[in-house]
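Trainee: First, the structure itself, so that you have it in front of you.
The values are calculated or read from the model by the stated rules, or taken from the named source; none is laboratory data. As the structure is a prediction and not an experimental result, all values here were calculated from the model. Quick reminder, even Gly has a Cβ in these numbers, built from the backbone with ideal geometry, and neighbours come from all protein chains shown. Keep in mind that these areas ignore ligands, DNA and RNA; they rest on the heavy atoms of the full protein, side chains included. Shrake-Rupley method; radii C 1.70, N 1.55, O 1.52, S 1.80 Å.
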Amino acid sequence: MGKALIIGAGGVASVVAHKCCQNSNVFEEICIASRTYAKCEALKAKLDGGKTRVSIAQVDANNVPELIALIEKVKPDIVINVALPYQDLTIMDACLATKTDYVDTANYEPEDTAKFEYKWQWAYRDRFKEAGITALLGSGFDPGVTGVFSAYAQKHYFDEIHSIDILDANAGDHGYPFATNFNPEINIREVTAKGSYFENGTFIETEPMSIKRVYDFPQIGPKDIYLLHHEEMESLALNIKGIKKIRFWMTFGQSYLTHLKVLENVGMTSIEPIEFEGKQIVPLQFLKAVLPDPASLGPRTKGKTNIGCIFQGVKDGKARTYYVYNVCDHQECYREVGSQAISYTTGVPAMIGAAMVMTGKWKGPGVFNIEEFDPDPFMDALNQFGLPWHESFAPALIN
Ligand code: NDP
């Protein structure tokens, strides 16, 4: 049916590429382009031999003219941005210039301020509309599937949703005292930032990791969960009618938190450049260089993830509660595509989101968050492509 240009060749990109190759009816051809050509070559070597044709290229995704030249050469139907959030706007600019559809998994964040929000990308709405192209924002798991779950709950089970608790549990053990499951820089920026939740029309800020609960996750068991700020709350607060409260919770083990505290206390998580041996370096970027590469965690990580949403609201005048979640096994993911479950749970929805746009099931023009589209074909595709979901109408609640 068509061709996708995948930008990035890291943990998530690898899963996207594998999954596109499993869906060769839609993805006849993919081009993987990233900063480090050797990573593209290594990925291509794992993919060759299937029905989907695979090509590779080198690109600096911070450079709009370079991106435009690449898109004009490859002529993709869609660009799947699984580089870093810093590149969202340059890639969107290149898509605009070449009238190419766009999908990503994380919202834009300026490199010098650890603040992620949608305003920068929402500012492209009119230009994408005028160009007649579609941008699908946040098609990973969270954001991504959590928004699809919300749209599905809204469509099938509720007249009004009053509260959403998004629960992200990773019970995987990689055997290292400290490592992050996706890009360390992005991960640490996210978890050291202030927390927040949405209540009655406003966001209430909390100190980092200051709100903790315990939740007994299906197939995983009880885990400590901490309230974080997370980007999908911003769009869900606008797109789910009648919503009064949204909270995002993530599990963290004690070892991770203790290491993080020490790293913070000694200044290693700072994004302020410092001078070191006559050179400017950013401490967090240096830390990233010495931490294990998330892509290398695959063979070592054992255990499961459970990510889902608990909705409370009303249907036909009666109170209703609904929990929908996916459980993913790190080792099974590794056996299938050579990656751990965090990359897997992000890469599968990125491929599905791109397929939705390419097949015309989801079509703009404009810039859209995932919950703005019909969730049903995406929910079916989750079952088909390795992220089956489960439902409960009487889950334990979080106080
Ligand atoms: P990685 O660090 O493993 O991979 C990022 C890739 O992008 C690398 O190949 C890197 O190249 C490439 N890259 C970085 N800068 C540039 C540039 N200027 N030009 C070209 N390529 C570049 O990250 P992940 O795969 O773990 O994460 C990818 C994305 O997925 C991130 O945006 C992350 O926030 C998002 N994510 C979303 C989740 C969700 O559920 N929504 C969950 C997890 C991640 P190089 O190899 O040279 O460093």
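Trainee: Do you know which residues across segment 342-391 are modelled with pLDDT under 95 and either closer than 23 Å to Asp168 by Cβ or surrounded by 24 or more Cβ atoms within 10 Å (Cβ to Cβ) (or both)?
Mentor: Of everything in segment 342-391, those that are modelled with pLDDT under 95 and either closer than 23 Å to Asp168 by Cβ or surrounded by 24 or more Cβ atoms within 10 Å (Cβ to Cβ) (or both) turn out to be Ile342, Ser343.
Trainee: Step by step: first the residues of segment 222-255, then only those that are in contact with a strand residue (DSSP E or B) (Cβ under 6 Å, 6 or more places away or on another chain) and basic (Lys, Arg), then the one that is most open to solvent (accessible area, probe 1.4 Å). Which residue is that?
Mentor: Top of the filtered list is Lys244.
Trainee: Quick one: which helices (runs of 4 or more DSSP H) lie wholly within segment 60-178 and hold at least 3 residues that are open to solvent by 20 Å² or more (accessible area, probe 1.4 Å) and within 14 Å of the ligand (Cβ to nearest atom)?
Mentor: Ranges flagged: 64-74, 88-98.
Trainee: Output the residue which, of all residues in segment 27-38 that are buried (at least 19 other Cβ atoms within 10 Å of the Cβ) and of a type outside the set (Ser, Thr, Tyr), is nearest to Tyr86 (Cα to Cα).
Mentor: Ala33
Trainee: Something else now. Would you say Ile310 is within 22 Å of Lys244 (Cβ to Cβ), within 20 Å of the chain's Cα centre (by Cα), outside any helix (DSSP H, G or I) and more than 16 Å from the ligand (Cβ to nearest atom)?
Mentor: So Ile310 passes the test.
Trainee: Filter segment 189-221 down to residues that are loosely packed, with under 11 Cβ neighbours inside 10 Å and part of a loop (DSSP other than H, G, I, E, B), then give me how many there are.
Mentor: 4
Trainee: Go through segment 21-36 and give me each residue that's within 16 Å of the ligand (Cβ to nearest atom) and either assigned to a loop (DSSP other than H, G, I, E, B) or touching a Leu at 6+ places or on another chain (Cβ under 7 Å) (or both).
Mentor: Scanning segment 21-36 gives Cys31, Ile32, Ala33, Arg35, Thr36.
Trainee: Next question, about the same structure. Please pick out the residue among Asn187, Asn183 that is in contact (Cβ under 8 Å) with a residue 40 or more places away in the chain, within 16 Å of the ligand (Cβ to nearest atom) and either under 28 Å from Pro110 (Cα atoms) or touching a Leu at 6+ places or on another chain (Cβ under 6 Å) (or both).
Mentor: Testing whether each residue is in contact (Cβ under 8 Å) with a residue 40 or more places away in the chain, within 16 Å of the ligand (Cβ to nearest atom) and either under 28 Å from Pro110 (Cα atoms) or touching a Leu at 6+ places or on another chain (Cβ under 6 Å) (or both) leaves just Asn183.
Trainee: Same structure, new question: Show the residue pairs that are 6+ apart or on different chains and have beta-carbon atoms under 8 Å apart, the first residue being within segment 267-292 and buried (at least 16 other Cβ atoms within 10 Å of the Cβ), the second being part of a strand (DSSP E or B) and at pLDDT 95 or above.
Mentor: Val282/Ile274; Pro283/Ile274
Trainee: Look through segment 293-307, keep the residues that are buried (at least 22 other Cβ atoms within 10 Å of the Cβ) and assigned to a loop (DSSP other than H, G, I, E, B), and return whichever of them is nearest to the ligand (Cβ to nearest atom).
Mentor: Once the filter is applied, the top-ranked residue is Leu297.
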